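Please read the structure below before turning to the comments.
FYI, it's all coordinate maths here, none of it is from the lab. Every value quoted in this text rests on a predicted model; they were computed, and no experiment measured them. Here the Cβ positions follow ideal geometry from the backbone for every residue, glycine too, while neighbour counts run over all protein chains shown.
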Amino acid sequence: MLRLPRFRLLEPRSYGEAAQLLAENGAGALDRSRGTPTLRVMLVAGGTDLFPNMKRRQFTPELLISLARVRDASGIQRNGHLDISAGTTLSAIAQDPGIRERSTALAEAAEVVSTPQLRNMGTIGGNICLDTRCNWYDQSLFWRTAEGFCMKTNPDVVCRVATSSPRCLAVASADTVPALLVLGATVHFEDAEGGRDVPLADLYQEDGIQPMALRQDEVLTDVTLPEADGWRSTYLKMRDRGSFDFPIAAVAAAVRWDGAKVSEARIAITALGSRPQLVADAARPLVGTSLDDVTIALAAEAVHKAARPMDNTSGTISQRKRAALVFTERALRSLRPA
Ligand SMILES: Cc1cc2nc3c(=O)[nH]c(=O)nc-3n(C[C@H](O)[C@H](O)[C@H](O)COP(=O)(O)OP(=O)(O)OC[C@H]3O[C@@H](n4cnc5c(N)ncnc54)[C@H](O)[C@@H]3O)c2cc1C
Ligand code: SF4
């Protein structure tokens, strides 16, 4: 049985207090005393990803700041736009009738994350800040000690998937992120000095070690979606086990109908690179059309071109690229008016 390492736990009652504790305790500082560098202070929300990672010693923070007791951390509000607090569970999002009707891709993505028990604990904030994954890295300390570490744990070692790669190629794997991208989400962060809003599309970068342009002293507090009038959206995911598993290829699509024509469109992919990404070349040809088969084929071809999976998850590279193409076709056909 894998056991958690020892750590101290603090339980602030507000996001402001959490940000203050991060600053006071030197968030972002690395502890080099135990061989491989590790973050000394980390946030934990539902703990469904962080605790297994700590058991595998991918992270060994000496201090955890839990967001479980933060007041108003969870909730879904509608005020012209949709405001979702970062501590809202995936189950609450999947079951919300308004999200299912108007922001369908998000409800569909939330309901295919892991298992019911983990969705009852796991939060949207934790999903947005999910670490990247790789077959080499997501192993126990025992396995990694025997086989050898890689760049993601120890910057002095090469990447084991592509030994000449200057960067880690671990894979973006959060299901809700592509759905939020096509719905035009903005995220709000707080730190000890104040706060900032970031379009979600600007948060992610093509780097498996540092996949987010996020400082360690920032707390994600809210996700905001604009008014969904006229939009239809969906999310399709390929995974090993149909009952529960991380995505190994996934597509979210959203189109806005103006009468019989598409007036705006967005397509996003994940699990096909280190960054979940909007594929503008796929969305562009859709505007002004009625989603005829020829246009959909053009969009699917653009997604196929943008998808660059590496051999570090289940499935083969060609299977995952092909899934991206087929899922784009299926997703767009499902968005035609009934
Ligand atoms: C068996 C198993 C299967 C899984 N399958 C899937 C899957 O199919 N799809 C999927 O997307 N995920 C999957 N997960 C991962 C996980 O359950 C979800 O991603 C969940 O949404 C994580 O949320 P959490 O609140 O538990 O995050 P935590 O584990 O608490 O945190 C995750 C990360 O986010 C950071 N964080 C959390 N909240 C904040 C915040 N407010 N501000 C800044 N940083 C924050 C933490 O520091 C940590 O680095 C799986 C996990 C397991 C164990
Ligand atoms: S992609 Fe390379 S560096 Fe990144 S986790 Fe995998 S083996 Fe390690």
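Quick notes
- Here is the figure for segment 224-242: residues that are of a type in the set (Gly, Ala, Ser) and surrounded by 22 or more Cβ atoms within 10 Å (Cβ to Cβ) total 1.
- Criterion applied to 144, 119, 100, 160 was being among the charged types (D, E, K, R), within 16 Å of ligand 2 (Cβ to nearest atom) and not in a loop (DSSP other than H, G, I, E, B), and the one residue passing it is 144.
- Residue satisfying condition, being surrounded by fewer than 22 Cβ atoms within 10 Å (Cβ to Cβ) and within 16 Å of ligand 1 (Cβ to nearest atom), within set 250, 280, 213, 268: 213
This table checks each residue for (1) more than 13 Å from the chain's Cα centre (by Cα); (2) surrounded by 21 or more Cβ atoms within 10 Å (Cβ to Cβ).
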{"site": "137", "(1), (2)": "yes, yes"}
{"site": "141", "(1), (2)": "yes, no"}
{"site": "169", "(1), (2)": "yes, yes"}
{"site": "185", "(1), (2)": "no, yes"}
{"site": "204", "(1), (2)": "no, yes"}
{"site": "208", "(1), (2)": "no, yes"}
{"site": "218", "(1), (2)": "yes, yes"}
{"site": "222", "(1), (2)": "yes, yes"}
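- Counted residues, segment 65-86 - those being under 24 Å from residue 210 (Cβ atoms) and either within 16 Å of ligand 2 (Cβ to nearest atom) or buried (at least 21 other Cβ atoms within 10 Å of the Cβ) (or both): 3
- Some residue of segment 34-53 being hydroxyl-bearing (Ser, Thr, Tyr) and either out of contact with any Leu (no Cβ under 9 Å at 6 or more places or on another chain) or at positive phi (or both): yes
- Every residue from segment 117-127 that is surrounded by fewer than 22 Cβ atoms within 10 Å (Cβ to Cβ) and within 18 Å of the chain's Cα centre (by Cα): 118, 120, 121
- Verdict on residue 170 being near ligand 2 (Cβ under 8 Å from one of its atoms), touching a residue at least 40 places away in the same chain (Cβ under 8 Å), closer than 18 Å to residue 271 by Cβ and touching a strand residue (DSSP E or B) at 6+ places or on another chain (Cβ under 8 Å): yes
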